[in-house]
């Protein structure tokens, strides 16, 4: 089974870390990931840019609305995610609008650029899909 | 990270929101600061045992408000403080504190807190010091070290600035749309001042580099509460881009390295990527402003893998746009530099000659002019421009940079 593990934290506190604190935390996190990565079981790992870099595409009456900032509603929950390479935010917005158009629910798509820490590929992908 | 270090970070992060709300309650900066201080002390006492609250800012506002009210009562009636037990139900109450506090006020609270530091009577350095002390919560010692003054001198400076602010009075009503936009503009300019102080003083004094980080933090904070303001996105992007070159700006001897000579491998890709994402968002609004245009110019440098890849045509166009949006001789000077890359030094010199009156006391004007004259082979004129620049240099690094140019001139003559 493939799992997504999502990290939630207090943004302002995390971004107030000094370089040393940041390095120390990353070092500890790396040590935890290492065995999994060596076993070929870890997929791409990244950190999302600050929420100030986020854009949200929300289903509108006729066309989807494009809003600045992260997704802020509390009733909906995170149901899935895509990672993709786009040349511009416009491209990412266009793709999200297409998703929104064919999705019957009141879906929203939060577009968050992220830094890739590791491009790991999961080698045991076959068993993961079953 | 120890518990206390984590609490310290959480308190710093919650400070603008909590202090801003307390200022609204008490309408007096000193009372608000005391109340916040008291709330922080209680946090340090209780959080290690009970764990940090889910919403630290709401907790601090709640506790700070109670302690502030007690202080006021105590002063009024000279009655003893209530026992610690009066606060003992805090952890139970915490769940609904967030609901009871009026969330709608938060963004105006933070904006007001930033805005009072921008009082027009205050000179720039005092605005910077006040914002760093009040909003960012830096210590007087930290600020004094960055400004290279004694602690007591800085303490005095901040006290005087606070006095002025208190006397001036602040509007506590919720601002209307127009007033809010004005405040936002003023605050953005102040944040950029903080950044520039760190950026220019950082050449010789590493203690002031922290100002750059602080300015970026304030700008992100502003963007979180006003997420759809393209100029605040532009400002954030601009500062991130300038800050991304921090490691490449100076060589090992502390000499300035010009943009075109910098090792681009030392540029901080993470900051650049965030800035480019931010600029993309801003441009979608189709409301260009000076910060966005400056960020766009800076982004073109960031996007060029080598100096030769720089899109000088686009940069020249952006400077033309900037001249229209925010006309200034300094902008024209920068456009001339871009133009020299496209059309040569003589074309650029034609553009800057008319600026000589306005920019005669400006280091960069004479530095740039000297460089252009040197390129054009007018060495004697170049030498006198550089001589003038040296007398106007703001730092030993700037001075050394011009000396280097003079040396090159000397070599070319021989």
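Please treat every number below as a calculation from the coordinates, not as lab data. Treat the numbers as computed from the prediction; the structure is a model and nothing was measured. Here the Cβ positions follow ideal geometry from the backbone for every residue, glycine too, while neighbour counts run over all protein chains shown.
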Checklist entry - Going by average Cβ neighbours within 10 Å, how do the peptides B:349-361, B:55-67, B:398-410 rank, with the highest at the top? => result B:55-67, B:398-410, B:349-361
Item to check | Least to most buried among B:239, B:154 (fewest other Cβ within 10 Å first) | outcome: B:154, B:239
Checklist entry - What Kirkwood hydrodynamic radius do you get for the protein assembly as shown when you take the inverse of the mean 1/r over all pairs of distinct Cα atoms, in Å? => result 26.4 Å
Checklist outcome for this item: Assertion target for B:12, A:74, ordered by fewest C-beta neighbours within 10 angstrom first, is A:74, B:12
Checklist outcome for this item: Expected integer from the mean partner chain Cβ neighbour count at 10 Å over A:89-101 is 1
Checklist entry - Taking R0 as 30 Å, what's the FRET efficiency between residue B:149 and residue B:261 from their Cβ-Cβ distance, rounded to 0.05? => result 0.35
Checklist outcome for this item: Hits in the range B:393-412: amide N under 17 Å from the 7 Å Cα→Cβ extension of residue B:387, namely B:393, B:402-411
Item to check | Cα→Cβ-extended label distance, 7 Å offset, between residue B:285 and residue A:29, nm | outcome: 3.0 nm
Next on the checklist: Looking at chain A only, what percent of DSSP beta bridges run antiparallel? Nearest 5 please.
Outcome noted: 100 percent
Item to check | Neighbouring partner chain Cβ atoms per residue of A:50-61, average, 10 Å criterion | outcome: 4
Next on the checklist: Within the range B:156-178, name every residue whose backbone N is under 19 Å away from a label modeled 7 Å from Cα of residue B:28 along the Cβ vector.
Outcome noted: B:159-173
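Using the Cα gyration tensor of the range B:273-414, with a ≥ b ≥ c the square roots of its eigenvalues, what is the shape: rounded (a/c below 1.5), prolate (a/b larger than b/c) or oblate (neither)? Spell out each step's value before the answer.
Numbers: a/c = 2.05, a/b = 1.84, b/c = 1.11.
It comes out prolate by the Cα gyration axes.
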Item to check | Residue order, fewest to most surrounding Cβ atoms within 10 angstrom, among B:38, B:173, A:22 | outcome: B:173, A:22, B:38
Checklist entry - Taking each residue of B:275-283 in turn, how many C-beta atoms of other protein chains fall within 10 Å of its C-beta, and what is the average? => result 6
Checklist entry - For chain A, what is the Kirkwood hydrodynamic radius in Å, using each pair of distinct C-alpha atoms? => result 17.0 Å
Item to check | Label-point separation, residue B:76 to residue B:172 (7 Å along Cα→Cβ), nm | outcome: 1.3 nm
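Have a look at the DSSP beta bridges in the protein assembly as shown and tell me what percent are antiparallel, nearest 5.
Roughly 100 percent of the DSSP beta bridges within the protein assembly as shown come out antiparallel.
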